[in-house]
Amino acid sequence: MNKQEAKEKMAALVDQLNIYAHEYYVLDNPSIPDAEYDKKYQELRKLEEAYPDLTFPHSPTKRVGGEPLEGFEKVEHEVPMLSLGNAFNEQELRDFHRRVTNGLHEEVVYVCELKIDGLAVALTYENGQFVRGSTRGDGRVGEDITSNLRTVRSVPLYIPEQRLLEVRGEAYMPHHSFLKLNEIREESGEPLFANPRNAAAGSLRQLDPRIAATRNLDLFLFGYGQWTIDEIQTHSGRLEYLKEQGFKINKEWRKCKTIDEVIEYVAYWTENRGSLPYEIDGIVIKVDDLSQQETLGYTARTPRWAIAYKFPATEAISKIEDVELSVGRTGVVTPTAILQPVFIDGSTVSRATLHNADQIRALDIRIGDTVIVKKAGDIIPKVVRVVITERTGEEVPYEMPTHCPACKTELVHLDDEVALRCMNPDCPAQLKEGLIHFVSRDAMNIDGLGEKVIDQLFREKLVNSIDDLYRLKKEQLLPLQRMGEKSASNLILAIEESKKNSLEKLLFGLGIRHIGAKAAQILADEFETMEKLQQATYDQLVAINEIGEKMADAVVHYFAQEKVKELLERLNELGVNMSYERRQTDGDSEVSEIFTNKTVVLTGKLEKFTRREAKEFIESNGGKVTSSVSKNTDLVIAGDASGSKYDQAKKLSIPIWDESQLEAAIKGVST
Ligand code: IVH
């Protein structure tokens, strides 16, 4: 193929792939199987490699690229990004309608849209190319987040319209992406996002677009800034036009000819918003005719031609029956309100966090108080306020204890923490929480040791510390409630089996602050034995990729404790494995040896397996799966839409497999 032919082929592939991606990500209606897309994608990639100077800027391979930014540049909005006035009830909607009709003296048609709960962004297109994406900022000046927005698959990198166009919309994180993200964060010990909006905002503020690319963000367009296309004179017309250009427009928008229709639409979505795969926080009502919009104009900060109806945050009324204190694994004492059960947003709530003493004082919470409880998209229900008018005088003010409810040690505030902590390392409540963590799945994975059994073990004083677990005898278990002959034997067996666990499981199980399952894996991989890790210095630790200062500090502090040294010695004597086991293969299969002692990186979307399955397979065949491609990587397995890791592997001449090769390996092993 000569250069001209290559150029034509590349142009055709880019166009085709972009059409397929539009069908998949915008219309939710793919016309070809993913494997077909893959094939063409790889074909394009090969051509781009051979002719890098011919690569099109809107090539689908160029969504993620470039180095992390130092910071975000400021972008001035040519047309300010305004916000909307709010309405909170039907009356306020009717008032809005009256203001509109009074201002116009003619019939009005409204467009009602869902108010997506995300982050407002502006996208600029010049000569059809997506050239700039920015946040709203203060409405006048925002931040340039072009490289992050390029990773959002429903944002077209190229549109047919050649005239300057600046469109606006809401970037958001769908529910399933949000849940998945938090699951992963929980696994690796990172703080969870409270709601999809925070997660979307956090993702778009990442300086490294490769991170944003993993966050599965999406974007609906609902408006425009600079607009040079005069022929379309209604908002609904512009929405249709933008849809034709390839943008994702939320399909639930409706034209309403009367305010009653608007109110019906609002009522429908108030009732049904739970069925959407993304979060909405209200309805936006806009005058459809653009010349009418112009007549109505603006107040200082908001248009007179539109209003946002805000859903009431889902709140319910309940009563505080009691306040319970719990002592966490790290000694933090948290008060929880025990509530009269109420049904909110599809589930019964009978507990709400009160966070800490400051919160209780600020809300003036007393036992017996009638309170408003809210579940505002956040994970844990909250007590919002006390209904003072319901007070009878019988309510009992709640005072936080000065001593640990479990061990009676005096509680302290560390540094400037609001939280109260019990600092007694032998506190039974902490030990119990620690043990629950120790036996959990990602830690030592001891089956049959649920919270109820652990409770009894502590109560009967059979266990006071982790190592006691390994001294348990079957006869000691038999008298426990709901513990038969068989379950006692199984439990003893499971405890025995857990001694063989690889180092990372023990490390995670010890519950070192800031060390989640992922960090434990990294440390085990790096140091290989507990002994070496115990001797690791702060400098050695922070030098490891992905181990931050807090983690390094926590590890050093943890192992410096005399009690910890003793505990580890005892565990060692009891036969608990203290070294990292790169899972070995049985050695008799040719295929299984492919992964032995190999470092493998998975990238892109796999069709036939989940990431976890692929990872487990590789690991159970003696390999190690890491997240970034480096010169130490032995193999990259690239699924659909693999981006920079694929490029990196090519650059370093690392072998690359596609999914079918992985499948063949798996089949080879299992047959
Ligand atoms: S129109 C001048 N339409 O809500 C009018 N906004 O409080 C600009 N939003 O900043 C806004 N969905 O982030 C409009 N369908 C929709 C929307 C929407 C979500 C957000 C947007 C805006 C805020 C207004």
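The values are calculated or read from the model by the stated rules, or taken from the named source; none is laboratory data. Treat the numbers as computed from the prediction; the structure is a model and nothing was measured. Cβ sites come from the backbone with ideal geometry, for glycine too, and all protein chains shown count toward neighbours. The area values use the complete protein model at the heavy-atom level, side chains included, leaving out ligands, DNA and RNA. Shrake-Rupley method; radii C 1.70, N 1.55, O 1.52, S 1.80 Å.
Here are the numbers:
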| item | result |
| --- | --- |
| Cross-link partners of K62 among aspartates and glutamates (Cα-Cα below 16 Å; sequence separation of 8 or more within a chain) | D15, D38, E43, E48, E49, D53, D208, D640, D647 |
| Cα-based convex hull volume of segment 467-602 per residue, rounded to whole Å³ | 159 Å³ |
| Mean projection area, nm², convex hull over Cα of segment 273-352 | 9.8 nm² |
| Where labels lie 7 Å past Cα in the beta-carbon direction, separation of S83 and E417 in nm | 3.4 nm |
| Separation in nanometres of the label points that stand 7 Å from Cα toward Cβ, at S627 and T314 | 3.1 nm |
| Alpha-carbon Rg/Rh ratio, for segment 442-503, with Rh computed the Kirkwood way | 0.93 |
| FRET efficiency, E566 to Q233 (Cβ-Cβ, R0 60 Å, nearest 0.05) | 0.15 |
| Alpha carbon centroid spacing (whole Å) that separates segment 514-580 from segment 357-415 | 38 Å |
| Extension gain from Y51 to K474, taking 0.36 nm per residue of separation minus the Cα-Cα distance | 145.3 nm |
| Segments 503-515, 620-632 sorted - mean Cβ within 10 Å per residue, highest first | 503-515, 620-632 |
| Derived scalar couplings ³J(HN,Hα) [segment 356-369; Karplus, 6.51 cos²θ - 1.76 cosθ + 1.60; whole Hz; x for Gly, Pro] | 6, 4, 4, 5, 4, 5, 4, 8, 6, 7, 10, 5, x, 5 |
| Where no second cysteine Cβ lies under 4.7 Å, the cysteines concerned in the chain | C112, C256 |
| Cross-link pairs K74/K115; K500/K605; K432/K499; K248/K651; K3/K40 - those with Cα-Cα distance over 30 Å | K500/K605; K248/K651 |
| Computed E for N102/S275 - FRET, C-beta separation, R0 45 angstrom, nearest 0.05 | 0.75 |
| Accessible surface of segment 1-160 [probe 1.4 Å, protein heavy atoms]: carbon and sulfur percent | 49 percent |
| Charge context of D34, other residues only, Cβ under 13 angstrom, K/R +1, D/E -1 | -3 |
| Cα-projected label distance for N464 with E399, points at 7 Å along beta-carbon direction, nm | 3.2 nm |
| Added length on full extension, which subtracts the Cα-Cα distance from 0.36 nm per residue, A300 to H175 | 41.5 nm |
| Rg/Rg_ref, segment 617-669, where Rg_ref = 2.2 N^0.38 Å and atoms are Cα | 1.13 |
| Cα gyration tensor of segment 186-287 - equivalent ellipsoid semi-axes, whole Å, descending | 31, 21, 10 |
| FRET E, pair L164, N445, Förster distance 51 Å, beta-carbon r, rounded to 0.05 | 0.30 |
| Cα Rg, Dmax (largest Cα-Cα span) when computed across the chain, Å | 29.6, 90 |
| Charge context of E566, other residues only, Cβ under 14 angstrom, K/R +1, D/E -1 | -3 |
| Ranking by accessible area, most exposed first, for Y298, Y25 with a 1.4 Å probe | Y298, Y25 |
| Extension gain (nm, one decimal) between D364 and D553, 0.36 nm per residue minus Cα-Cα | 64.2 nm |
| 22 Å Cα-Cα reach of K382 towards lysines, excluding residues that sit fewer than 8 places from it in its own chain | K310, K319, K374 |
